[in-house]
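Contents: one structure, followed by commentary.
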Amino acid sequence: MTDDKIYAESFSRNIGVISEDEQRILQQLTVCVAGLGGIGGAVVSILARMGVGHFKIADIDTFDIKNINRQVSSSHSSLGKKKVHVLRDLIKDINPHAQVECFEDGVQDYNVDSFLEGADIVVDAIDFFCFSPRNILQSACYRLKKPVLFSAPLGVSATFLMFAPGGVGFKEYFDFKDELDNFGNLIRFTIGLTPSALHLKYMDFRPERLVEIQTGPSLCPSVHLGGAIIAVELLKYVTKKAEPCIAPDYMQIDLLRNKMVKKRLYLGNKNPIQKLKYILAYKKYSPYKEEFLKFIK
């Protein structure tokens, strides 16, 4: 079979949900995915099976045994292997004709413009506590007018935000302050991700527990849910099939509580209610500030 025939057969079951013209848009699309952990790996896998034809993927890490509970392609056979190589091979195994460019150093000041060059849309799946690379990526996307999608897995829920040209910017939405240290901005980031906080009814967010594990708890279903939300919102944005959720609008779906929220956070974190949340959260977690600062990157 010809390459075109192989592609058409591979993704023929997509047609009927999306049109042939929309499938061609996906085939020609270039998607940058920064971070190939839980959300990033799920997004890459889903988009590859949707027929996206061009990927640029970035991650500095290798697979670790603690990734097995949730990360696509994390298994005992992949331990110690670079995530960019394993996910590249996954994409090529799904679609041998897909183009994949790997950035083994992750997202850095010196390579971010190269990473974003030619991108139609960007996925920010950088680790929650990695502030420096996220700021580099988000600032570059804002400067280059690239739409960037983000989801966080929380409990058995996933949140979603998209920062796109014409909408509210990442820094503006979260109301980050240069005079605040990483701890203060981490609190702003956390409360801005999910203003409705559907997961707080059942999640263990005790500061002493978070300091002990030096990360947040994460369950496989929420990771795949976040990847699916990103993929569908990406589809909406590039095909104009439906209206995407763009900041200051946000979304959270919680499968344990059977709840979905999609709302507009007026003024972002400058909203008075968000300011009150910040004060309360800062008071609760500040006794552990020095411990948190040790593992915020």
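Could you work out how far the C-alpha centroid of the stretch 197-269 sits from that of the stretch 141-172, in angstrom? About 11 Å separates the Cα centre of the stretch 197-269 from the one of the stretch 141-172. Could you name the lysines in cross-link range of Lys146, using Cα to Cα under 20 Å and dropping any fewer than eight places away on the same chain? Those lysines meeting the cut-off are Lys56, Lys171, Lys236, Lys240, Lys241. Considering only beta bridges that DSSP places wholly inside the chain, some 45 percent are antiparallel. Within the stretch 247-262, which residues have the backbone N less than 19 Å from the label spot 7 Å out from Asn271 along Cα→beta-carbon, could you tell me? Once the point is set 7 Å along Cα→Cβ of Asn271, 247-254, 259-262 turn out to lie under 19 Å by backbone N, inside the stretch 247-262. Judged by the ratio a/c of the largest to the smallest principal axis of the C-alpha gyration tensor, the stretch 140-246 counts as oblate, that ratio being 1.5 or greater while a/b is no larger than b/c.
With an 8 Å Cα cut-off and a minimum separation of 6 or more residues, compute the relative contact order for the chain in percent. Walk me through the numbers before you get to the answer.
Values: 519 pairs, mean separation 56.4, N = 297.
Relative contact order comes out at 19 percent.
Full extension of the chain between Glu179 and Tyr110 gives 22.4 nm of extra length, using 0.36 nm per residue less the Cα-Cα distance. A Gaussian network model of the chain, with springs between Cα atoms under 10 Å, assigns the largest mean-square fluctuation among Ile25, Ile39, Ile279 to Ile279. Between Tyr250, Tyr202, Tyr282, the Gaussian network model of the chain with springs among Cα atoms under 10 angstrom shows the greatest mean-square fluctuation at Tyr202. Near Lys289, which lysines are there with a Cα under 18 Å away, not counting those fewer than 8 places off in the same chain? List returned: Lys177, Lys277, Lys297. The charge dipole of the stretch 3-295, taken about its Cα centre with unit charges on the Cβ atoms of Lys, Arg (+1), Asp and Glu (-1) only, comes to about 1120 debye. Considering only Phe205, Phe128, Phe103, the mean-square fluctuation computed in a Gaussian network model of the chain, springs between alpha carbons under 10 angstrom, is largest for Phe205. Calculated from DSSP H runs of 4 or more alone, at -39500 (n - 2.57) each and per residue, what is the 222 nm mean residue ellipticity of the chain, nearest 500? The per-residue figure over the chain is -12500 deg cm²/dmol. Modelled spin-label separation between Asn258 and Tyr288, with each label point placed 7 Å from Cα along the Cα-to-Cβ direction: 3.3 nm.
Where a number appears in this text, it was derived from the coordinates with a stated rule and is not lab data. None of the values given here were measured: they were computed from a predicted structure. Cβ: placed from backbone, ideal geometry, glycine included. Neighbour counts: every protein chain shown.
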